[in-house]
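Worksheet for the structure shown next.
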């Protein structure tokens with residue numbers, strides 16, 4: 001998305017949808033009829049794959065139908081008027097987790113039940129990726145070290161990175177050692193956990 005369009009979206013979209021986007025999670029706000037009021041790009045991509053008709057920019061009616069299909073495939077009853085967790089099985093891996101969170105009425109509004117619910121979507125097959133720029137700024141990583149950290153975070157081994165990039169194992173081990181030192185980590189699982197924590201940063 002072009003920077004100007006992103007700035008406009010940030011100014012108009014609900015803050016929690018933006019935060020979920022940064023964490024690699026989908027977020028959809030629906031009314032009592034499960035009409036989609038707002039959604040972030042990750043939710044659009046999930047629903048676009050479900051509809052088979054497009055990605056994040058799929059039309060609202062496709063997204064609504066796709067959301068209803070997801071809810072119908074869930075392993076339990078899903079109530080949008082109360083907090084709930086369900087999982088939707090995938091044939092090719094870990095499930096999609098859906099979490100309904102009824103939204104409180106606006107301050108000063110009459111104490112009637114909320115008419116909107118946020119549905120958080122966590123696709124366990126996907127690994128959120130922090131920004132390489134953030135890694136370089138926070139930890140003074142070189143571009144090569146940031147790329148290696150992201151590859152490790154995506155589940156690749158050093159051998160796989162070497163085969164994909166043509167960089168020798170010795171060079172990669174040196175870069176990884178430097179990355180450990182700069183990030184204050186000692187092992188790859190610690191580095192992966194750190195990367196997951198900083199994905200929320202823009």
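The values are calculated or read from the model by the stated rules, or taken from the named source; none is laboratory data. No experiment lies behind these values; they were computed from the predicted model shown. Reconstructed Cβ throughout: ideal geometry from the backbone, glycine too, with neighbour counts over all protein chains shown.
Examine the stretch 124-132 for a residue that is in a strand (DSSP E or B) and in contact with a strand residue (DSSP E or B) (Cβ under 8 Å, 6 or more places away or on another chain), and state whether such a residue exists. Outline the logic, then answer.
Here is the first cut: in the stretch 124-132, the residues in a strand (DSSP E or B) are none.
Within the stretch 124-132 (the criterion being in a strand (DSSP E or B) and in contact with a strand residue (DSSP E or B) (Cβ under 8 Å, 6 or more places away or on another chain)), the answer is no, since none of the residues qualifies.
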> Looking at 138, 176, which is the one that is over 30 Å from residue 46 (Cβ atoms), more than 20 Å from the chain's Cα centre (by Cα) and assigned to a helix (DSSP H, G or I)?
Replying inline: 176
> In the stretch 182-202, which residues are over 20 Å from residue 133 (Cβ atoms) and either in contact (Cβ under 8 Å) with a residue 24 or more places away in the chain or surrounded by 12 or more Cβ atoms within 10 Å (Cβ to Cβ) (or both)?
Replying inline: 188, 190, 193
> Pairs under 7 Å by beta carbon, first residue under 15 Å from residue 40 (Cβ atoms) in the stretch 55-67, partner assigned to a loop (DSSP other than H, G, I, E, B) and modelled with pLDDT of 70 or more, six or more apart or different chains?
Replying inline: 67/34
